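Engineer: Before I ask anything, let me first share the structure, which is written out below as C-alpha cells.
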Amino acid sequence: MGGKKGSVLLLTFVTILGVCSAATTYIVGDGVDWGIPSPPSLYSTWASQKIFRLGDVLEFNFVNGQDTVAVVSKAAYDGCNTNDLLSPVMTTSPARVTLNTTGTHYFLCTTPNHCSLFGQKFSVFVNGPSLSPTTSPSAGPPPDGSFTTPTAAGVHLLSLVSIAVSGGATLELWVSIAPHGPKKNVNKF
C-alpha cells in the first residue's frame with residue numbers, strides 16, 4: 001500500500017513542479033520589432049502592461065547589423081551609457097534573455113544614438129515564479145548570443161526534488177502549505 005501512496009505523491013509532485021516552472025516567452029514590442037521606437041515610450045509602455053516572472057524569456061527581434069541589445073545597470077540605462085554593460089552585446093536576432101533574478105532589469109540598444117536620441121531602451125520588473133500555468137509560443141533552443149541571468153529558481157527546484165526523494169510525508173506537508181494562485185504585480189512603471 002505504501003508503494004502506491006508514494007507513487008501518487010511523486011506524480012502529484014511532478015505535476016506541481018511542471019506548473020511552478022511554467023515560463024512565458026515575451027516577444028519584445030509584440031508586433032513591433034526591436035528598433036528605433038515611435039513613439040519613444042513604445043517599449044516602456046509595452047513592458048508596463050506585462051507581469052514578468054522568474055524564468056520568463058524576453059525575445060528581441062531586430063535587423064542584424066542595425067540594432068543590438070544589452071543588459072545594463074540602472075545608471076547606464078538612465079544615461080544611455082553603452083560602455084557599462086552587464087551582458088555581452090547581442091547582435092544576432094532573435095536575441096533571448098532569460099529572467100532568472102527578481103527585481104528590475106534594464107535593456108538598451110548599443111547602436112550609436114539609438115538610446116540617447118531615440119529612446120530605444122526599457123526596463124522590466126521581475127516577480128517571483130508563477131504558480132499557475134501560462135501559454136507561451138514555442139521558443140526552441142537559445143541561439144548563440146543569448147544571455148541568461150544568474151539563476152535562483154534552479155536551486156529552489158532542486159530543493160523540491162530533494163523533498164520528493166526524501167519521503168511522502170514531507171511532500172504532503174509542502175503541498176498543503178504551498179501558496180495558491182499568482183501574486184499580483186504591485187510595482188508600476
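The values are calculated or read from the model by the stated rules, or taken from the named source; none is laboratory data. A quick note: this is a predicted structure, and the numbers were derived from the prediction, not measured. Every residue, glycine as well, gets a Cβ built from its backbone with ideal geometry; the counts of neighbours run over all protein chains shown.
Engineer: Kindly indicate which of A76, A70 is surrounded by 20 or more Cβ atoms within 10 Å (Cβ to Cβ), modelled with pLDDT of 95 or more and farther than 24 Å from G31 by Cα.
Structural biologist: None of the other options fit; the residue is A76.
For (1) touching a helix residue (DSSP H, G or I) at 6+ places or on another chain (Cβ under 6 Å); (2) in contact (Cβ under 8 Å) with a residue 12 or more places away in the chain; (3) among the hydrophobic types (A, V, I, L, M, F, W, C), each residue gets a yes or a no:
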{"residue": "D30", "(1), (2), (3)": "no, yes, no"}
{"residue": "W46", "(1), (2), (3)": "no, yes, yes"}
{"residue": "Q49", "(1), (2), (3)": "no, no, no"}
{"residue": "N64", "(1), (2), (3)": "no, yes, no"}
{"residue": "D78", "(1), (2), (3)": "no, no, no"}
